[in-house]
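The values are calculated or read from the model by the stated rules, or taken from the named source; none is laboratory data. Bear in mind the structure is a predicted one, so any value in this text is a computation, not a measurement. In this analysis, Cβ positions are derived from the backbone assuming ideal geometry, glycine residues included, and neighbour counts consider all displayed protein chains. Side chains included, ligands, DNA and RNA excluded: accessible areas come from the protein's heavy atoms. Shrake-Rupley method; radii C 1.70, N 1.55, O 1.52, S 1.80 Å.
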Amino acid sequence: MNTESNLLPKGKSKLKNLIWLGLFLVAFIYSANLSGVDMSKLFTNGNQMTVILKKMASPDWSYVEVVIEPLLETIRMAILGTTFGAIVALPFSLLAARTIVKNKFINGILRFILNIIRTIPDLMLAAVFVAIVGIGPVAGIITLSIFSFGMISKLFYEAIETIDEGPVEALTASGANKMQIIRYAIFPQVSSHFFSYLLYAFEINVRASTVLGYIGAGGIGIYLQRSLSQFRYDRTAIIVLVIFAVVLVIDTISNKLRERLL
């Protein structure tokens, strides 16, 4: 019995857990005080939420015809942004993968660029491009393209580095060049992952494009911002319902396709 008990994984010290819990509570309370958070307002102003929900409970169904076109524009933005980002991400991720490029200096520079791109918030990018190209879907497409490029590049070069290097070594020994190795040894192993990441990025971009439109980067978000500023919560309800339905359908289809790919 003693031998078996010694083989079992030892649990964490209760004292250590209590210390971590205490540190978390101290950090939480300090952050709340520093930020001026008053949780009591959440309950004292709860009646305002009830008023808004009552207004949203009676949607203006005639507004559906108005939001169809901006909704389609939102989907088009997501499709174009994802596609452009993936096209650039494919060669970039091949160069960033240590399996293909053995030079650590080049790998480091490319990964550093990707890290910088991923740290820039979407809303900041959208605000910058709205200022550059003006209000409209072009700013949103550029923003989604950059976001998709950063995310897909990272996921794809990590997938490339997990491949079985047997086929790569075999083709290298037979005198194949880099393009032949990528085509016949690497891409067949990671193509399903690439298309899965592409669909995943598209899911995220559909949701993100609605938020980008809120600051003028095209899509249905502009109408969402307008309805809220005019206190037309009956129209806000229609926009929320339409977005929910579209995102649900796209997520379901995308999940089924990714399950088949993987």
Scanning the range 79-109 for residues that are of a type outside the set (A, V, I, L, M, F, W, C), open to solvent by 10 Å² or more (accessible area, probe 1.4 Å) and in a helix (DSSP H, G or I) gives Thr83, Pro91, Lys104, Gly108
Is it the case that the range 204-215 has a residue that's under 20 Å from Leu123 (Cα atoms), open to solvent by 50 Å² or more (accessible area, probe 1.4 Å) and basic (Lys, Arg)?
-> yes
Meets criteria (modelled with pLDDT under 85 and not in a helix (DSSP H, G or I)) for Gly213 | no
Residue ranges of helices (runs of 4 or more DSSP H) in the range 110-192 with at least 2 members open to solvent by less than 70 Å² (accessible area, probe 1.4 Å) and either under 18 Å from Val206 (Cα atoms) or touching a residue at least 12 places away in the same chain (Cβ under 8 Å) (or both) | 122-133, 137-160, 166-173
